[in-house]
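Asks: The structure is given below, and queries will be raised subsequently.
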Amino acid sequence: MSTQQQHWDNLYNSNAEDEVSWFQPYPKISMEFVELFNLPLSANIIDIGGGDSYFVDALLKKGYQNIWVLDISANAIERAKKRLGKKEGKVHWIVSDVTEFDPPVQFDFWHDRAAFHFFTTEDKIYNYVSIAEDAIKKDGYLIVWHIFRERSQQL
Ligand SMILES: C[S@@+](CC[C@H](N)C(=O)[O-])C[C@H]1O[C@@H](n2cnc3c(N)ncnc32)[C@H](O)[C@@H]1O
């Protein structure tokens, strides 16, 4: 297990979902993107570094059928699966470092809320960008965004 993986697994192990600074009970901005892009319910949507975010719950509720959640932390993924109960079977779960991800399909929407900014070395950033470039359909969407802006807007 990598140090990074250990770090995130420990973090999810020792904090309840609402004890982390990025917790949001409803992913309002992410869902606004989904609406804006007018994605069909069959769209392949991936949440990169999705952790135990409620984005997947909101997408399922809207009827999306091809949802993918990728995270380096198995603990985060387990927590999200547990929360979803039977519905977890409707989601493709991937425990992986995104910079080592080999996407099995191309995506209509690559969503990253607060994962990309953890990549601070040139090789990690390069890997991320080239994987995303190949993994997103020609007319697909990529959104990478940062939570601090959102938090300050909420104040
Ligand atoms: C700040 S949290 C945001 C979680 C989620 N996107 C949300 O909005 O609630 C960052 C997430 O990125 C994940 N992460 C960090 N480095 C990663 C990597 N190299 N590959 C995949 N996921 C990673 C962490 O495990 C964590 O769940």
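Asks: Apply the Karplus curve 6.51 cos²θ - 1.76 cosθ + 1.60, θ = phi - 60°, to the phi angles in segment 95-112 and return the couplings in whole Hz, x for Gly and Pro.
Replies: 9, 6, 6, 4, 6, 10, 6, 10, x, x, 9, 9, 9, 7, 9, 9, 10, 9
Asks: Continuing with the same structure: Assuming 0.36 nm per residue, please report the length gained on full extension of the stretch residue 118 to residue 6 beyond their Cα-Cα distance.
Replies: My answer for the length gained is 38.8 nm.
Asks: Using a Gaussian network model on the chain with a 10 Å cutoff between Cα atoms, which of 20, 34, 98 fluctuates the most?
Replies: Taking springs between Cα atoms under 10 Å, the residue moving most is 20.
Asks: Suppose all protein chains stay in the model; what accessible area per residue would a 1.4 Å probe give for the chain, in Å²?
Replies: Roughly 57 Å² per residue, with all protein chains present.
Asks: Next up: State the percentage of accessible surface on the chain attributable to carbon and sulfur atoms; use a 1.4 Å probe and exclude ligands, DNA and RNA.
Replies: Carbon and sulfur atoms account for 51 percent of the accessible area of the chain.
Asks: Once you place label points 7 Å from the Cα toward the Cβ at residue 96 and residue 83, how far apart are they in nm?
Replies: 2.3
Asks: Additional query: Using a Gaussian network model of the chain whose springs link C-alpha atoms within less than 10 Å, name the residue from 26, 12, 54 with the highest mean-square fluctuation.
Replies: 26
Asks: Shape of segment 1-133 from its Cα gyration tensor (a ≥ b ≥ c, root eigenvalues): rounded if a/c is under 1.5, otherwise prolate when a/b > b/c, or oblate?
Replies: Cα axes put segment 1-133 in the oblate bin.
Asks: Hey, another quick one. Give me a comma-separated list of calculated 3J(HN,Hα) values for segment 59-70, in order, Karplus coefficients 6.51, -1.76, 1.60 applied at θ = phi - 60°, integers in Hz, x for any Gly or Pro.
Replies: Those phi angles translate into 5, 4, 4, 6, x, 5, 10, 10, 9, 10, 10, 10 Hz.
Asks: So, one more: Assign one of three labels to segment 48-115, namely rounded, prolate or oblate, based on the Cα gyration tensor with a ≥ b ≥ c the square roots of its eigenvalues; rounded applies when a/c is under 1.5, prolate when it is not and a/b is larger than b/c, and oblate otherwise.
Replies: Because a/c hits 1.5 or more and a/b fails to exceed b/c, segment 48-115 counts as oblate.
Asks: Let me ask something additional. With a ≥ b ≥ c taken as the square roots of the eigenvalues of the C-alpha gyration tensor of segment 1-73, please select rounded if a/c is under 1.5 and otherwise prolate if a/b is larger than b/c or oblate if it is not?
Replies: Here segment 1-73 falls in the prolate category.
Asks: Assuming 0.36 nm per residue, please report the length gained on full extension of the stretch residue 129 to residue 31 beyond their Cα-Cα distance.
Replies: 33.0 nm
Asks: Counting DSSP beta bridges with both partners in the chain, what percentage is antiparallel, nearest 5?
Replies: Taking every DSSP beta bridge with both residues in the chain, the antiparallel ones total about 0 percent.
Asks: In addition: Would you mind telling me which residue in 55, 33, 118 has the biggest mean-square fluctuation in a Gaussian network model of the chain, where springs connect alpha carbons within a distance under 10 angstrom?
Replies: Greatest mean-square fluctuation among the candidates belongs to 118.
Asks: On to the next question. Could you give the size of the charge dipole of the chain about its Cα centre, using +1 on the Cβ of each K and R and -1 on the Cβ of each D and E, expressed in debye and rounded to the nearest 20?
Replies: 620
Asks: When the chain is fully extended, how far beyond the present Cα-Cα distance does residue 105 get from residue 16, taking 0.36 nm per residue of separation?
Replies: Fully extending the segment from residue 105 to residue 16 adds 28.8 nm.
The values are calculated or read from the model by the stated rules, or taken from the named source; none is laboratory data. Since the model is a prediction, treat every value here as computed from it, not as a measurement. Cβ coordinates were reconstructed from backbone atoms using ideal geometry, including for glycine residues, and neighbour counts include every protein chain displayed. Surface areas here come from the heavy atoms of the whole protein model, side chains and all, with no ligands, DNA or RNA. Shrake-Rupley method; radii C 1.70, N 1.55, O 1.52, S 1.80 Å.
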